[in-house]
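Scroll down for the structure; my scribbles are underneath it.
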Amino acid sequence: MIQIKHKKSGEVLREVGAETLEGVDLRGARLGGALLANTSLRGARLNGADLSSADLSCCDLRGADLRGAQVQNADLRATDLRGANLRGTDLRLASLRFIRYDRHTRWPLFFNPKKERI
């Protein structure tokens, strides 16, 4: 059992009955402000999840589906987004420094990582 907690209050936002968060289905989950730093969410389904203000720094999100997720104000520094699908994702004010991505990473419409200097 894994507990996902709020980074400031420590409140349990979600319990996942698994030993790992790789490939986990968290579609539509309310995880605003969650502490997920240094977590492997490789291949996770996070479509439509609220991850606003969450700490996702140094996460492994390779191949994760984040379509339509809310990640505004989230900390994504040094996160691995290779092959992740971020179409329709709200990246406003998200910290994207030092992220890893590749040609398979799918960005929101009109978002250009080279212009954003990440």
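Laboratory data are not the source of any read-out in this text; all were calculated from the coordinates shown. Model, not experiment: these values are computed from the prediction. Positions of Cβ are generated from backbone atoms using ideal geometry, with glycine treated the same way; all protein chains shown enter the neighbour counts.
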Per principal axis, descending, Cα span of the chain in whole Å: 39, 25, 22
Of all DSSP beta bridges in the chain, antiparallel share, percent nearest 5: 30
Proximal charge balance of ALA54 [Cβ under 10 Å; K/R count +1, D/E count -1]: -2
Cα gyration tensor shape of the range 53-106, rounded if a/c is under 1.5, else prolate or oblate by comparing a/b with b/c: oblate
Theoretical gain in end-to-end length, ARG100 to LYS5 [0.36 nm per residue, Cα-Cα removed]: 31.7 nm
Per-residue ³J(HN,Hα) for the range 16-31, Karplus 6.51 cos²θ - 1.76 cosθ + 1.60, θ = phi - 60°, Hz, x for Gly and Pro: 10, x, 8, 8, 9, 9, 5, x, 5, 9, 10, 4, x, 5, 9, 10
